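Read through the structure below, which is laid out as C-alpha cells, and then see the notes.
The values are calculated or read from the model by the stated rules, or taken from the named source; none is laboratory data. Since the model is a prediction, treat every value here as computed from it, not as a measurement. Cβ sites come from the backbone with ideal geometry, for glycine too, and all protein chains shown count toward neighbours.
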Amino acid sequence: MRGVYTSVNDIRKRVYAEVARLSYDYQDGDLSQMEQIPYRIIPGEVSTYRESVFLERAIVKERMRLAMGLPLRAASEHAPVSEGALECVRPEKYYQPPLINIIKFACHKCPDNVVKVTDACQGCLAHPCKEVCPKKAVSFENGKSVINQEKCIKCGKCVSACAYGAVVKLERPCARACGMDAIGSDEFGRADIDQEKCVSCGMCLANCPFGAIADKAQIFQTIQAIKSDTPVYAAIAPAVTGQFGPKMTPDKIRSAFQALGFTDVVEVAIGADLCTMEEARDFVEEVPEKLPFMATSCCPAWSMMAKKLFPEYSECISMALTPMVLTGRLIKKQHPGCKVAFIGPCAAKKLEAGRRTIRSDIDFVLTFEEVMGMFEAKKINFTKLEEQHSMHGASADGRGFAVSGGVAEAVVNCIKELYAEKEVKVENAEGLANCRKLLTMAKAGKYNGYLLEGMACPGGCVAGAGTIQPIAKSTAAVKLRKKTSTHAHATQSNYKDLLKQLEEIDKSI
C-alpha cells in the first residue's frame, strides 16, 4: 500500500491542513473553530468511507486531537473535541507518550493469523492441501476444501501447496508490519499496542488500511513558535528530495519553508557528515579491541530496539550524536536563542527529540506529511516560488544517509580516507524483523569486527512513516541528488572543524 495515494492519506492531509490553518489563525485563546473542522472534512449527511457519517466525524475528531499533541479519548467519553486544547498553545509542549496510538473505534478488528480457504478452491483431485497438513486439519465437504480451525497450527503448508492460490493466510497488516511483535488484540478483538515493546517506528500506522493508527504531532506548536518573535530554523532531513512533488525542486526548498514562516533552512546532511566522522573514529578506536562490533546510531527505532532486546550489547551501539542532534546544535551555536524544527520522514525522531539531553537542541519534529498540511493551509504554489541558492555544504555521502546502506557506506568511505590501513567489514539490515536477526547473529559471534547498520524502515529513511512519495522513487531521487553534491565524502565537509566544539557541548550536558 506504500506509495499509493488513498483516502486514508487524503484524510490525514486534510486534518493536518486544518490544524495548521487553525494555528496560523489562532489568537486570543479562542479555539472554538475546532468544533467546525470535522464538518468541513466530512461534510453532508451521508457517509463516504464507513457505515455512519457520525463515526467518520468521531474518528476525524480524534485525529485532530493527535495532530495537536492531545491524548486520545475512548468512545465512552463525552466532551467537546477542543477539551484541553489550550494546552497546545504552549510552544514548548513536547509529546506525551504514547506517541503511536490506535483509535479503537476506527479499528476493523482484522483477522489475525488465520488460514482459510477462498472461493477460488477448485476441489481438485490431487487434494495437496489435505495431503501436506501435518495435523489432518483439512477435509473436503461438497467437493471443496475446509479447514478445521481448532486443529490448524497455521504452518502455511497448505497455502504453499495449492496450485490455485485458493488457500490464504490472513494477518493483521499492522501486526505483520511490526518488527517488534508489539501488536496484539484487546478484549474486543481490536488491535492493541504493547508500549513496552513498541519503538515508535510507525510502520503500523503506515500499513493500516483503515487509518486507525496515528501518531501525535507538533504542527500547532511549531506554527505558534513561528508566529512569535523567536527565529525558527528548519533542519531538513536528506530524505526530503522529491517528497513534495516535482515542482518543489531543491532550489525552491528555502523559499518554500520561508513562505511557511521559518527564518531559514539547513540540511541535516551536514550533521550526517559530522556523525560519519565521529562513528568512523569510534570504530577505528574501539573495534575489535574494546567492542566486538559497532552498530550505527542514527536510526532511533533501531537503536531503541537493540537496547531493549539486546541490553548486554548496548555499548556496541555507537555513542555518536545523530545527524538531527548535531545539526540542531550547529544551528543553535550559530544563532543563539533560536528554535529548531527537524523536518523529516520519521515518527521515532519525535521521541528522540523529547529526551532530556536533546530537548535543548531540537524544539520540534515534523514529518514531511505534516509539513505538506502546512503548505496546504498556506495555499503555497510551488511553481511560483523563487529559486534561491540550493541548500549546500553537505557531501554526497551525507545525503546518502536517507537510503538503506548509506550510513555504512559513508563511514567506510571516511575510514578509507583517514585510516587507510584499517579493514572494515560491513553488514546491514532494513526492517526491524531483519534487524533483530542481524543482532542475533552478532550475538552469536558471526559479526565480530564488523560495522553493522540497522534501519527500522524497509528501504531506509525514505520509507519512513511520515513520507509522501513512493519508496523506489524517493531512493532514485536521493541518488540523483547525491550526484549534484560539491564534494563526495564527509572528510571534505566545510563544518568538520566544528565537530570537537559540538562534542564539548555534549560532555557539558
> With (1) loosely packed, with under 15 Cβ neighbours inside 10 Å; (2) at pLDDT 95 or above as the list, and Pro111 as the residue in question, which single condition is left unmet?
Replying inline: (2)
>> If the requirement is being touching a Leu at 6+ places or on another chain (Cβ under 7 Å) and surrounded by 13 or more Cβ atoms within 10 Å (Cβ to Cβ), which of these qualifies: Ser47, Ser82?
In response: Ser82
>> I need the strands (runs of 3 or more DSSP E) fully contained in the stretch 164-237, keeping only those with at least 1 residues that are touching a residue at least 60 places away in the same chain (Cβ under 8 Å), surrounded by 15 or more Cβ atoms within 10 Å (Cβ to Cβ) and in contact with a Phe, Trp or Tyr (Cβ under 8 Å, 6 or more places away or on another chain).
In response: 232-236
> So is Glu387 touching a Lys or Arg at 6+ places or on another chain (Cβ under 9 Å), surrounded by fewer than 24 Cβ atoms within 10 Å (Cβ to Cβ) and touching a residue at least 40 places away in the same chain (Cβ under 8 Å) or not?
Replying inline: yes
>> Could you check the stretch 460-470 and list, in sequence order, the residues that are crowded, with 19+ Cβ neighbours inside 10 Å and either β-branched (Val, Ile, Thr) or not in a helix (DSSP H, G or I) (or both)?
In response: Gly460, Val462, Gly464, Ala465, Gly466, Thr467, Ile468, Gln469
> Got a number for residues in the stretch 435-459 being surrounded by fewer than 20 Cβ atoms within 10 Å (Cβ to Cβ) and assigned to a strand (DSSP E or B)?
Replying inline: 0
>> Between a residue in the stretch 29-58 that is of a type in the set (Phe, Trp, Tyr) and any residue that is loosely packed, with under 12 Cβ neighbours inside 10 Å, which pairs come within a Cβ distance under 9 Å, given they are 6 or more apart or on different chains?
In response: Tyr49/Ser7
> Looking at Ile41, Ile102, which one is in contact with a strand residue (DSSP E or B) (Cβ under 6 Å, 6 or more places away or on another chain), of a type outside the set (Gly, Ala, Ser) and modelled with pLDDT of 95 or more?
Replying inline: Ile102
> Within the stretch 424-432, is even one residue under 17 Å from the mean Cα position of the chain (by Cα), part of a helix (DSSP H, G or I) and either surrounded by fewer than 20 Cβ atoms within 10 Å (Cβ to Cβ) or assigned by TED's automatic domain parsing to the domain that holds Leu480 (or both)?
Replying inline: yes
>> If His108 satisfies all but one of (1) under 35 Å from the mean Cα position of the chain (by Cα); (2) over 30 Å from Ala341 (Cα atoms); (3) assigned to a helix (DSSP H, G or I); (4) touching a residue at least 12 places away in the same chain (Cβ under 8 Å), what's the number of the condition it fails?
In response: (3)
> Taking the condition touching a Phe, Trp or Tyr at 6+ places or on another chain (Cβ under 8 Å), over 18 Å from Thr367 (Cβ atoms), outside any loop (DSSP other than H, G, I, E, B) and of a type in the set (A, V, I, L, M, F, W, C), does Leu86 pass?
Replying inline: no
